[in-house]
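A short write-up of the structure that comes next.
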């Protein structure tokens, strides 16, 4: 039998068999740029109006909340005026330490994110957020000016006399005109780097907890299979025997993860209480020195106070209250909201990581 390579080229098909007498042709179709442009326009037409609508609702929310925010700022300024002679930074340091010392265990994720931001550069984070905020204000002012533009002088704004496609492209040009691409790129890159650091910290911390829980579950599963399953088989239908081991092992893993998270909560509570006590005593030391009472923190008094406060904070968080009283929850509502959002972010990050 003749080998395929010995046959004439025109009689050989690309599938290794004989062709019908002609060579197969590979047709390359040029991309349809018009279709791609139309798809881009359609996507932008759907996205930008949604962004504008979201901006509208945000503005409505700000308008509703503005009186309450103003009232809160009023009391905040009065509070600053009261504590200014004594040292505002030192007082805030004491308040932060006090909150971490007695309530930090309820905000484990928030504390972890805060420490990751501190390690990544707190001042750089604040600077970049301010730069992006300035760019947003520039876009907002340019957009407001564009909404009022009436080039044809008929008394009706130009944006009300154009199609949805023209409106989308017009608003894109507003963004392009108002933004400084260099500032946006540098600030965005810096924030993205910090975001990666925060995500890595959270994923590592909680992935370790889940890994520990799975390992504990496997250890619990061994005696379950060896001692518990035979006992249960004596009282169950034979058709159910094949389900006893997988269901039990799954339950053991769930129990192991629960135990691991409780252990992690205890560790985090101890960590936040100790750190909060240290921050509180440092603020108290600086406050006393600023106001001429430095002798109160001389020697080992501040270290002893830090240890005592840490022990009290650990005891109260682990044994005195399993949940916070309603007034405390109300006072820490923003922190609870941030904790929930960060918890959702951690869940998404862990899911995405596999």
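The values are calculated or read from the model by the stated rules, or taken from the named source; none is laboratory data. Bear in mind that the values here come from a model prediction, so they are computed numbers and not experimental data. Heads up, the Cβs are rebuilt from the backbone with ideal geometry, glycines too, and the neighbour counts pull from every protein chain shown.
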Q) So residue 276 clears everything in (1) under 30 Å from residue 216 (Cβ atoms); (2) free of Cβ contacts under 8 Å to residues at least 60 places away in the same chain; (3) buried (at least 19 other Cβ atoms within 10 Å of the Cβ) except one condition, right? Which one? A) (2)
Q. Looking at the range 62-116, which of its residues are over 25 Å from residue 274 (Cβ atoms) and in contact (Cβ under 8 Å) with a residue 60 or more places away in the chain?
A. 86
Q) Restricting to the range 163-193, what's the tally of residues that are free of Cβ contacts under 8 Å to residues at least 40 places away in the same chain, surrounded by 15 or more Cβ atoms within 10 Å (Cβ to Cβ) and within 17 Å of residue 137 (Cα to Cα)? A) 2
Q) If you go through the range 82-131 one residue at a time, how many are farther than 22 Å from residue 290 by Cβ and outside any helix (DSSP H, G or I)? A) 1
**Q.** Answer from 208, 253 - the residue that is surrounded by 15 or more Cβ atoms within 10 Å (Cβ to Cβ) and over 30 Å from residue 142 (Cα atoms)
**A.** 253
Q: Go over the candidates 150, 134 one by one and state the one that is surrounded by 12 or more Cβ atoms within 10 Å (Cβ to Cβ) and not in a helix (DSSP H, G or I).
A: 150
Q. For the range 279-302, what are the residues that are part of a helix (DSSP H, G or I) and touching a residue at least 12 places away in the same chain (Cβ under 8 Å)?
A. 279, 280, 281, 282, 283, 284, 285, 286, 287, 290, 297, 302
Q. Does at least one position in the range 297-308 carry a residue that is within 30 Å of residue 343 (Cβ to Cβ) and surrounded by 13 or more Cβ atoms within 10 Å (Cβ to Cβ)?
A. yes
Q. For the range 201-247, how many residues meet the condition of being closer than 30 Å to residue 342 by Cα and either touching a residue at least 24 places away in the same chain (Cβ under 8 Å) or outside any helix (DSSP H, G or I) (or both)?
A. 15
Q | Hits in the range 73-95 - residues which are more than 26 Å from residue 306 (Cβ to Cβ) and touching a helix residue (DSSP H, G or I) at 6+ places or on another chain (Cβ under 8 Å) | A | 80
(Q) Condition first: farther than 12 Å from residue 103 by Cα and at pLDDT below 80. Now tell me which residues in the range 301-325 satisfy that. (A) 301, 302
Q) Taking the range 153-162 on its own, how many of its residues are part of a helix (DSSP H, G or I) and surrounded by 14 or more Cβ atoms within 10 Å (Cβ to Cβ)? A) 2
